[in-house]
Amino acid sequence: MSFGRKPRNQLDLVGNDRTLDDLTFEVLRVWVHHQGPVDTFLDPTLLKEPEAFGTMMATVLHDASRAYAEEYRLDGSVALNRIYQGMMKHLTDPEGSAAESRVRILGHE
């Protein structure tokens, strides 16, 4: 999926994209604005069931906890718990992060 030129704040996958092939697909891209909203680009046609999306997100959360643990020398379970607490704060708030995010649903072009 291409959005034209590479923005300067985009993650650099060069050298880390060796596991990507013709059978892998980008499903989700998230941009965080400095003290502002989150922009989410999502193609729900690639994971047909919401439960599959949930499974993917659980994997992402575990991967993120390992990354935070390594980068900031945290215990992995502490990092995961802190991610979980931040997530639950927004999921249980009726207003949640909805006011702080914008979603673009892709795959319907």
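The values are calculated or read from the model by the stated rules, or taken from the named source; none is laboratory data. All values derive from a computational prediction rather than experimental measurement. Positions of Cβ are backbone-derived with ideal geometry, glycine not excepted, and every protein chain shown enters the neighbour counts.
Every condition in (1) exposed (fewer than 10 other Cβ atoms within 10 Å of the Cβ); (2) among the basic types (Lys, Arg); (3) modelled with pLDDT under 85 is met by residue 73 except one, and the failing one is (3). Evaluate the range 93-102: report whether one residue or more is modelled with pLDDT under 85, in contact with a helix residue (DSSP H, G or I) (Cβ under 6 Å, 6 or more places away or on another chain), surrounded by 11 or more Cβ atoms within 10 Å (Cβ to Cβ) and at negative phi. Yes, some residue in the range 93-102 is modelled with pLDDT under 85, in contact with a helix residue (DSSP H, G or I) (Cβ under 6 Å, 6 or more places away or on another chain), surrounded by 11 or more Cβ atoms within 10 Å (Cβ to Cβ) and at negative phi.
Taking each residue of the range 13-29 that is closer than 15 Å to residue 59 by Cβ and β-branched (Val, Ile, Thr) and looking for partners that are modelled with pLDDT of 75 or more and not in a loop (DSSP other than H, G, I, E, B) with beta-carbon atoms closer than 8 Å, six or more apart or interchain, yields 27/42; 27/53; 27/56.
In the set 52, 58, only one residue is under 25 Å from residue 102 (Cα atoms), within 15 Å of the chain's Cα centre (by Cα) and loosely packed, with under 12 Cβ neighbours inside 10 Å; that residue is 58.
Consider the range 1-41 and keep the residues that are part of a loop (DSSP other than H, G, I, E, B), modelled with pLDDT of 85 or more and surrounded by 10 or more Cβ atoms within 10 Å (Cβ to Cβ). The one that is farthest from the chain's Cα centre (by Cα) is 25.
Within the range 30-49, the residues that satisfy the criterion of being free of Cβ contacts under 8 Å to residues at least 40 places away in the same chain and over 16 Å from residue 102 (Cβ atoms) are 47, 48, 49. If you check residue 79 against the conditions, is it small (Gly, Ala, Ser) and surrounded by 14 or more Cβ atoms within 10 Å (Cβ to Cβ)? Spelling it out, residue 79 is indeed small (Gly, Ala, Ser) and surrounded by 14 or more Cβ atoms within 10 Å (Cβ to Cβ).
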